[in-house]
Amino acid sequence: VVMVWNWKKNETLAYTQIMQNVMISSLDWHPTEEIVLITCGTAVYLWSYTKNLLVNLFPNSLLKYQYAFFYGDGKNFIASHENLINREQVKTFTICKYHLVKDKYTGTTVVYGCKDITTHSSVNCSNG
């Protein structure tokens, strides 16, 4: 559950339930709009908490996202996902820059394009 509240008035302004039994790995507030970017398992969500609108930006993803955050003026975001572990038990991460645009017919925000900006960092996962 993600909640937005007014701590001065001790009241909940909005809440949403993302996925059951999946840990939220990152949250980021849009720099100018009332939108939160939420990374959770294989999903990256945009949540407009004033409209109570939750959009999964990658609905068919099989990748596990580590984090996502808005970049610059909020028209772009950066997201990192882990790649499959290879035979040497080394996990690699891909970092991409995505562009957000509003669909002119529906008014919904969609992801347009991806630019791989990764440096292919890796983590050794072996027990030795």
**Message:** Among the residues of region 41-56, what is the count of those that are farther than 23 Å from Gly72 by Cβ and in a loop (DSSP other than H, G, I, E, B)?
**Reply:** 4
**Prompt:** Could you say whether any residue in region 87-97 is in a loop (DSSP other than H, G, I, E, B) and either surrounded by 12 or more Cβ atoms within 10 Å (Cβ to Cβ) or modelled with pLDDT of 80 or more (or both)?
**Reply:** yes
**Item:** Residue that is most open to solvent (accessible area, probe 1.4 Å), among those in region 2-33 that are more than 19 Å from Asn56 (Cα to Cα) and part of a loop (DSSP other than H, G, I, E, B)
**Value:** Trp7
**Asked** Looking at region 57-69, which of its residues are in a loop (DSSP other than H, G, I, E, B) and among the aliphatic types (A, V, I, L, M)?
**Response** Leu57, Leu62, Leu63
**Asked** Would you say Ile38 is surrounded by 14 or more Cβ atoms within 10 Å (Cβ to Cβ), assigned to a loop (DSSP other than H, G, I, E, B) and in contact with a strand residue (DSSP E or B) (Cβ under 7 Å, 6 or more places away or on another chain)?
**Response** no
**Request:** Return yes when Val44 is farther than 22 Å from Val101 by Cα, hydrophobic (A, V, I, L, M, F, W, C), out of contact with any helix residue (DSSP H, G or I) (no Cβ under 8 Å at 6 or more places or on another chain) and at pLDDT below 90 and no when it is not.
**Result:** no
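The values are calculated or read from the model by the stated rules, or taken from the named source; none is laboratory data. Being a predicted model, the structure only gives us computed values, none of them experimental. Backbone-built Cβ (ideal geometry, glycine too); neighbour counts: all protein chains shown. Each accessible area value is taken on the protein alone, full model and side chains, heavy atoms only, with ligands, DNA and RNA left out. Shrake-Rupley method; radii C 1.70, N 1.55, O 1.52, S 1.80 Å.
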